[in-house]
Amino acid sequence: MMAFFQETDRRQTDPATLMQEQKLQKLLLYLSRHSPFYKELFKKNGIDITAIQTLADLQFIPTTSKDDLQQRNDDFLCVPGEKVAEYTSTSGTLGSPVTIALTANDLDRLACNEYNSFLCADGTSNDSYQLMLTLDRQFMAGIAYYSGIRKLGAGIIRLGPGVPSLQWETIQRLKPTAIVAVPSFILKLIQFAKETGIDINSTSVKKAICIGENIRNTDFSLNILGKKITESWDIHLYSTYASTEMQTAFTECAEGRGGHYQPELLIVELLDENNKQVAPYTPGEVTITTLGVEGMPLLRYKTGDICMYDDEPCACGRTSLRLSPVMGRKKQMIKFKGTTLYPPALFDLLNEREEILDFVIEVYSNEIGLDQVLLYLLPVEETEACDHQIRAYLQARLRVSPHIKYVNAEEIQKKQLRDTSRKAVKFIDLRS
Ligand SMILES: [Zn+2]
């Protein structure tokens, strides 16, 4: 098992940890020579990099935030401009995009990472994948999947996002064995197939790599979205989680018990609010240190994503830890009456009940600055019995009782379309 920052006896340190510690020391030396941002950070905090030897020593280095990466974007680049092979970007916290520059070696590393991911998700050279996602617009994931599948020796159909009719026409014509898609789009595909009489279970597609949205609950059971897909379509779903900044993916194996960690490419820490490592099955912020990255390596970078981890060996034989689905964004965390809630978990709870037709979750601060949760619910019927069922259910599942306000269809629509986004808003954060 992967020792996870608690080892005291060096003789018991496992080979994976030793490998990571060697790579960490190499990274620190590299950053101290080539990264304007980290050079300054080491100096300002009086950090002697030669004193950072073990993974446990990482705690002595301050974390890096998304704001740092946005405001000092250029200072993270460790190579001269002519060594940059590709500029990718990701959305920032302040509006303008954040650039992540990759060297040719970084692109190779990205391909290896995604090759490992597709292997983990039972990919072989006999597979062919229909990519239902953006491959341009500086989107790193698209090119990562593409190069990983190339390395795997499997076939690629680069179709891009949307247009269910074209997706189905291509599936029927070229017979891919797998698709890579956003789960909610898979639902749209299913709906289109039903409307147009396509027998989806007789097509060539047997598996889907699900990107961008959760298909599981934190206990790894399929969530509503995952269930809706598999109830109609007999395919295997593999979830994958990644971000542009970490240039590394956590992908599920066939067991579907969390995304497998690739310790040779990344050091992952799950940190609490005091930047202390959390225990297994406890929510923590995914904090990463890239290994082997040349262009813009990151050291203790806080992603803002909240996950839990499981460090028991997986039934597939891999022993590295596994990450739960993303439970929420750090900024969306709700501290309510002693419990911690995240919007995605609340969405799942509310989606599950037939008595609730639609909802909006509003969070605000009360007069003493504590988080308050107000649920606007569109009930199936406004009766005492229905109200009682909903309250009992929420009390049982949340162990606390949020405020509930029943509204009609018109009122809920008004709430959901309150800003300029075309998507229905289901979570409104009014906290200061
Ligand atoms: Zn596994």
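Some observations on this one:
- Taken over the range 274-291, the criterion of being open to solvent by 10 Å² or more (accessible area, probe 1.4 Å), in contact with a Phe, Trp or Tyr (Cβ under 8 Å, 6 or more places away or on another chain) and in contact (Cβ under 8 Å) with a residue 60 or more places away in the chain is satisfied by 277 alone.
- Filtering the range 223-236 to residues that are in contact (Cβ under 8 Å) with a residue 40 or more places away in the chain and either closer than 21 Å to residue 328 by Cα or not hydrophobic (A, V, I, L, M, F, W, C) (or both) leaves 223, 224, 225, 226, 228, 232, 236.
- For residue 228, the conditions (1) within 16 Å of the ligand (Cβ to nearest atom); (2) open to solvent by 40 Å² or more (accessible area, probe 1.4 Å) all hold with the exception of (1).
- Residue that is closer than 20 Å to residue 118 by Cα, open to solvent by less than 40 Å² (accessible area, probe 1.4 Å) and in contact with a Cys (Cβ under 9 Å, 6 or more places away or on another chain), where the choices are 208, 181: 181
- Any hit, the range 244-264, residues being more than 16 Å from the ligand (Cβ to nearest atom), surrounded by fewer than 19 Cβ atoms within 10 Å (Cβ to Cβ) and assigned to a strand (DSSP E or B): no
- Selected residue (criterion: most open to solvent (accessible area, probe 1.4 Å)) from residues of the range 161-178 that are closer than 21 Å to residue 123 by Cα and part of a loop (DSSP other than H, G, I, E, B): 175
- Residue satisfying condition, being within 17 Å of residue 244 (Cβ to Cβ) and either open to solvent by 10 Å² or more (accessible area, probe 1.4 Å) or in contact with a Lys or Arg (Cβ under 7 Å, 6 or more places away or on another chain) (or both), within set 122, 136, 127: 136
- Scanning the range 1-42 for residues that are open to solvent by 100 Å² or more (accessible area, probe 1.4 Å) and either at pLDDT below 95 or within 21 Å of residue 69 (Cβ to Cβ) (or both) returns 1, 6, 8, 10, 11, 12, 15, 33.
- Every listed requirement among (1) open to solvent by less than 10 Å² (accessible area, probe 1.4 Å); (2) among the hydrophobic types (A, V, I, L, M, F, W, C); (3) within 16 Å of the ligand (Cβ to nearest atom); (4) within 30 Å of residue 339 (Cα to Cα) is met by residue 271 save one, (3).
- First in the range 49-66 and touching a residue at least 60 places away in the same chain (Cβ under 8 Å), second anywhere and of a type in the set (S, T, N, Q) and open to solvent by 30 Å² or more (accessible area, probe 1.4 Å), Cβ under 7 Å, 6 or more apart: 62/45; 63/275; 66/93
- Residue count for the range 224-243, restricted to those that are within 21 Å of residue 178 (Cβ to Cβ) and outside any strand (DSSP E or B): 11.
- Of all positions in the range 336-348, none carries a residue that is open to solvent by 30 Å² or more (accessible area, probe 1.4 Å) and touching a Phe, Trp or Tyr at 6+ places or on another chain (Cβ under 7 Å).
- Output for the range 320-329, where each listed residue is in contact (Cβ under 8 Å) with a residue 24 or more places away in the chain and buried (at least 16 other Cβ atoms within 10 Å of the Cβ): 320, 321, 322, 323, 324, 325, 326, 327
- In the range 76-118, residue farthest from residue 245 (Cα to Cα) [restricted to those that are assigned to a strand (DSSP E or B), in contact with a helix residue (DSSP H, G or I) (Cβ under 8 Å, 6 or more places away or on another chain) and open to solvent by less than 20 Å² (accessible area, probe 1.4 Å)]: 103
- Within the range 168-186, the presence of at least one residue that is of a type outside the set (Gly, Ala, Ser), in contact with an Asp or Glu (Cβ under 6 Å, 6 or more places away or on another chain) and more than 18 Å from residue 146 (Cα to Cα) is confirmed.
The values are calculated or read from the model by the stated rules, or taken from the named source; none is laboratory data. Since the model is a prediction, treat every value here as computed from it, not as a measurement. Because the Cβ atoms are built from the backbone with ideal geometry, glycine has one as well, and the counts that use them run over all protein chains shown. Accessible surface is based on the protein model in full, side chains and every heavy atom, while ligands, DNA and RNA are left aside. Shrake-Rupley method; radii C 1.70, N 1.55, O 1.52, S 1.80 Å.
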